[in-house]
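Structure record follows, encoded as structure tokens.
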Amino acid sequence: MRHSRDMSRQKISTTIYITPEQSARLKLLHQRTKVPIAVYIREGIDLALKHYEHLLPGQLSLEDQKAAKP
């Protein structure tokens, strides 16, 4: 289970605001899967970070390095 691995890492508390519909769907998902809602929120953040990875600083991949060469 992925969420058991996540529990071993230190977490930073933060506050987010979600819509009532998002809250209701997350609660239903939790009831059906028994996976904590916080796990789904962290997974969503990971998906957003992956989607916008090109906007973040960091090392270029080998593919990016090849494309950047003149």
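Pairs meeting the criteria (first residue in region 42-57 and surrounded by 10 or more Cβ atoms within 10 Å (Cβ to Cβ), second residue part of a helix (DSSP H, G or I) and not β-branched (V, I, T), beta carbons under 7 Å, at least 6 apart or on different chains) are R42/D6. Residues of region 1-23 that are polar (S, T, N, Q) and modelled with pLDDT of 65 or more: S8, Q10, S13, T14, T15, T19, Q22, S23.
One residue is enough: does region 24-34 have a residue meeting the conditions surrounded by 10 or more Cβ atoms within 10 Å (Cβ to Cβ), assigned to a helix (DSSP H, G or I) and modelled with pLDDT under 95?
Residues of region 24-34 surrounded by 10 or more Cβ atoms within 10 Å (Cβ to Cβ): 24-30, 33.
Next, from what is left, pick out any that are assigned to a helix (DSSP H, G or I): 24-30, 33.
The next check asks that each one be modelled with pLDDT under 95; those that pass are none.
No: zero hits.
The values are calculated or read from the model by the stated rules, or taken from the named source; none is laboratory data. The structure displayed is predicted, hence computed values, not measured ones. Reconstructed Cβ throughout: ideal geometry from the backbone, glycine too, with neighbour counts over all protein chains shown.
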